[in-house]
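Worksheet: the structure to be examined is printed underneath.
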Amino acid sequence: MDLTARHPRTGELLSTVKFMVQTLAAAGELQRDLQRELTYDGLRAAEAKGSKGGRRPAVEAAKTDDVRTEYLEGRSIAALAREHRVSRGATRTAVADLLPDHTTNEEDAPAPELPVTLDMPGKVADYLRTTELEPAERAALDQGTTVRRGQGYTLRVSAVPAVHRGLLARCQPLDDSQDLPAVPTQRKARREYENRVSALTP
């Protein structure tokens, strides 16, 4: 099918061409969303089985106790690294809580959140732009990248999970509010964004 076919008199794209283009765009978006959902489901299933992501420790679990015992006996980091044929950094990681400069506060401190990029439906973004936001929320919204999708658009927002959750809470009136009449498309858009935010690791 020629997707550039135009009406000979008006010069506009044929209605069948418009329909085909919109259908292909919707199918592509559906495939992307399904792939993302399957990825999140796979990660959750792996976490439920006790599987952890990231690189495996260079010092094997069976040797970790030996390394720690030898360190407490006075062996140096360099000597342990040579003996077990691992890097000094890996050895230092294995005995991190035994090092003199280690403190309980550093061990218990939560790891800083890293920015996550999520696609926010355009109807949600339009509503949030007219809502009072925190400075971090407003900055994330203003720095978002617009991605056109058929007749609408999505806003690609990069922010830490806490900011995404804050933005989601701000658009709660789209789902159910006495002051704001419920609009099905807005409610659907908010729930779509909610699903994406809920998939983030708390």
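Observations on the structure shown:
- Search result, residues across segment 1-39 that are within 30 Å of residue 200 (Cβ to Cβ) and polar (S, T, N, Q): 31, 35, 39
- Total residues in segment 70-80 satisfying the condition of being closer than 13 Å to residue 97 by Cα and open to solvent by less than 80 Å² (accessible area, probe 1.4 Å): the figure is 1.
- Elements of type helices (runs of 4 or more DSSP H) contained in segment 41-103, each with 2 or more residues being farther than 30 Å from residue 199 by Cβ, modelled with pLDDT under 80 and in contact with a Cys (Cβ under 7 Å, 6 or more places away or on another chain): none
The values are calculated or read from the model by the stated rules, or taken from the named source; none is laboratory data. If you're wondering where the values come from, they're calculated on a predicted model, not measured in any experiment. Here the Cβ is made from the backbone with ideal geometry for all residues, glycine too, and neighbour counts use every protein chain on show. The protein model used for the area step is the full one, side chains on, heavy atoms only, and it has no ligands, DNA or RNA in it. Shrake-Rupley method; radii C 1.70, N 1.55, O 1.52, S 1.80 Å.
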